1. Just checking, which of Asp176, Asp170 is of a type in the set (Asp, Glu) and touching a Cys at 6+ places or on another chain (Cβ under 9 Å)?
2. Scan the range 228-247 for residues that are in contact with a strand residue (DSSP E or B) (Cβ under 6 Å, 6 or more places away or on another chain) and either assigned to a loop (DSSP other than H, G, I, E, B) or under 26 Å from Ala119 (Cβ atoms) (or both) and jot them down.
3. Does Leu16 meet the test of being within 18 Å of the chain's Cα centre (by Cα) and surrounded by fewer than 20 Cβ atoms within 10 Å (Cβ to Cβ)?
Amino acid sequence: MVDRTLVYVIADYGDLHDLAFAEVTQKLHTELEGVDSEIQTFAVPAFDTYATGFALAQTAINSKLGARQKFFVNTAPRKDDLTPRVKNSGEGFVYVKLENGVEICAVNSGHSLAFVKDAAVEIRKINCDTDGSQFRSRDIFPISFGKIVKGDYSILGEDVRDCIPDFPSDVVCYTDGYGNLKCSMDPEDLSSVKNKHLILDINGRQSVARAAEGIFGVADGEFCISQGSSGWTYPDGRQIRFTEIVKRGGNAAKSFGKPPGGLPIHWRSIE
């Protein structure tokens, strides 16, 4: 039990009751036969590689489990080539090892790996098929994942770090279950306007928010922008902290039209 491997599946199949999660989990258990493992699944919005990358980094970089923690990540919008696809081909499968020992196998799509890039000691292509199935994360990728979890690294290819985009700044990254928007804004950027009111412009909608000390630093029904609970520390010592936009007693995401990951955050002071 102490040596059990914990596998997190992060994917955009839909709600957790979607059949795709059941099928992928079933296939992963098959490929992990002989490994004492536990698989847990986490859903992100369809095609949202910013939410995928944020969720991955928040759970992988902060993990204290080291080599006992593995990630199987699949958000594959197939945006690398907008022409008609042959044999359902799509983005490649990539292996990432973090400084803390955590290992990740993920589709290299959009910003799925952008947040963990600076925490990685190794980012390499996985030599496996990238076509032949509409459902690659069930039919193709688990085979490679199983080999890597069992210590077979012979399927790893060239370094692909340069193919991973950089950490995105000043955008919506993730919406939590309360409708709070977790954004890649440095909270220090708000220090000069602390306790003042701002106009937030997101997704073509504007609202007044108070730059408060914490997300509950406003009256019920008001918007607040403040340092949130998310973030991590990179191996070089850089601390990453996220700003949250909250509507106390309400849902900020709904108020701003449920902005997807990657939309820019604009603000200006009105005091």
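Read-outs: derived from the displayed coordinates by stated rules, not from any lab. Everything quoted here is computed from the prediction, not taken from an experiment. Note that each Cβ is placed from the backbone with ideal geometry, even for glycine, and that neighbours are counted across all protein chains shown.
1. Asp170
2. Applying the first criterion (in contact with a strand residue (DSSP E or B) (Cβ under 6 Å, 6 or more places away or on another chain)) to the range 228-247 yields 228, 230-233, 239-247.
Of everything in the range 228-247, those that are in contact with a strand residue (DSSP E or B) (Cβ under 6 Å, 6 or more places away or on another chain) and either assigned to a loop (DSSP other than H, G, I, E, B) or under 26 Å from Ala119 (Cβ atoms) (or both) turn out to be Gly228, Ser230, Gly231, Trp232, Thr233, Gln239, Ile240, Arg241, Phe242, Thr243, Glu244, Ile245.
3. Against the criterion (within 18 Å of the chain's Cα centre (by Cα) and surrounded by fewer than 20 Cβ atoms within 10 Å (Cβ to Cβ)), Leu16 qualifies.
Listed here are the residues, each with its yes/no results for (1) touching a residue at least 60 places away in the same chain (Cβ under 8 Å); (2) in contact with a Ser or Thr (Cβ under 8 Å, 6 or more places away or on another chain); (3) among the acidic types (Asp, Glu).
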residue	(1), (2), (3)
Ala211	no, yes, no
Phe216	no, no, no
Trp232	yes, no, no
Asp236	yes, no, yes
Thr243	yes, yes, no
Ala252	yes, no, no
Pro260	yes, no, no
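For (1) surrounded by fewer than 19 Cβ atoms within 10 Å (Cβ to Cβ); (2) within 19 Å of Leu181 (Cβ to Cβ), each residue gets a yes or a no:
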residue	(1), (2)
Thr5	yes, no
Tyr8	no, no
Ala11	no, no
Val24	no, no
Leu28	no, no
Val35	yes, no
Thr52	no, yes
